[in-house]
1. Just checking, which of T53, T80 is surrounded by 13 or more Cβ atoms within 10 Å (Cβ to Cβ) and touching a Gly at 6+ places or on another chain (Cβ under 6 Å)?
2. Do we have I23 as within 19 Å of G88 (Cβ to Cβ), without any contact (Cβ under 8 Å) to a residue 40 or more places away in the chain and not polar (S, T, N, Q) here?
3. From the list D36, D62, exactly one residue is at positive phi and acidic (D, E). Which is it?
4. Go through region 16-39 and count every residue that is aliphatic (A, V, I, L, M) and either part of a strand (DSSP E or B) or surrounded by fewer than 12 Cβ atoms within 10 Å (Cβ to Cβ) (or both).
5. If you check D36 against the conditions, is it acidic (D, E) and within 12 Å of the chain's Cα centre (by Cα)?
6. Report yes if G91 is touching a strand residue (DSSP E or B) at 6+ places or on another chain (Cβ under 8 Å), farther than 18 Å from G28 by Cα and either of a type in the set (A, V, I, L, M, F, W, C) or in a loop (DSSP other than H, G, I, E, B) (or both), otherwise no.
7. Can you work out which of the residues in region 5-56 that are of a type in the set (S, T, Y) and touching a Pro at 6+ places or on another chain (Cβ under 9 Å) is farthest from K72 (Cα to Cα)?
8. Just one of G56, G42 is assigned to a loop (DSSP other than H, G, I, E, B), under 14 Å from G91 (Cα atoms), out of contact with any Lys or Arg (no Cβ under 9 Å at 6 or more places or on another chain) and modelled with pLDDT of 90 or more; which is it?
Amino acid sequence: MEELDIKIQYDGKYPCLCMGHLIVWINGKEWDFGKDVLVSGGEVIYDDEEYITTTGEWSIPDDCWPEGFPEKYKKQVLSTINEEIPYGCCGGCA
């Protein structure tokens, strides 16, 4: 696998971690994803008494990757995003 220098800039904040602007640099080349592209792997569960939110890995929908983004880098970029950006799920999308 090719060694990549991946840097992440993201300004999403609690409680809506998914609502931020994502910029990724790969070997110095900037890829601007825009705002609100991260999707939480969390979910909202209702147990007859209360709502419980869980967290999970981030994903990026296929139509939210910048035009021309190399397919071969997607897995490594998502891995770096999931290492660097705290998981979140506020339940607002439920």
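The values are calculated or read from the model by the stated rules, or taken from the named source; none is laboratory data. As the structure is a computational prediction, the values presented were derived from the model and not from experiment. Backbone-built Cβ (ideal geometry, glycine too); neighbour counts: all protein chains shown.
1. Numbers: T80 fails: touching a Gly at 6+ places or on another chain (Cβ under 6 Å).
That would be T53, the only listed residue that is surrounded by 13 or more Cβ atoms within 10 Å (Cβ to Cβ) and touching a Gly at 6+ places or on another chain (Cβ under 6 Å).
2. Yes, satisfied.
3. Checking each option against the conditions leaves just D36.
4. Residues in region 16-39 being aliphatic (A, V, I, L, M) and either part of a strand (DSSP E or B) or surrounded by fewer than 12 Cβ atoms within 10 Å (Cβ to Cβ) (or both): 5 in total.
5. Spelling it out, D36 is indeed acidic (D, E) and within 12 Å of the chain's Cα centre (by Cα).
6. Numbers: touching a strand residue (DSSP E or B) at 6+ places or on another chain (Cβ under 8 Å): yes; farther than 18 Å from G28 by Cα: yes; either of a type in the set (A, V, I, L, M, F, W, C) or in a loop (DSSP other than H, G, I, E, B) (or both): yes.
For G91, the condition - touching a strand residue (DSSP E or B) at 6+ places or on another chain (Cβ under 8 Å), farther than 18 Å from G28 by Cα and either of a type in the set (A, V, I, L, M, F, W, C) or in a loop (DSSP other than H, G, I, E, B) (or both) - is met.
7. Y14
8. Result of the check over G56, G42: G56.
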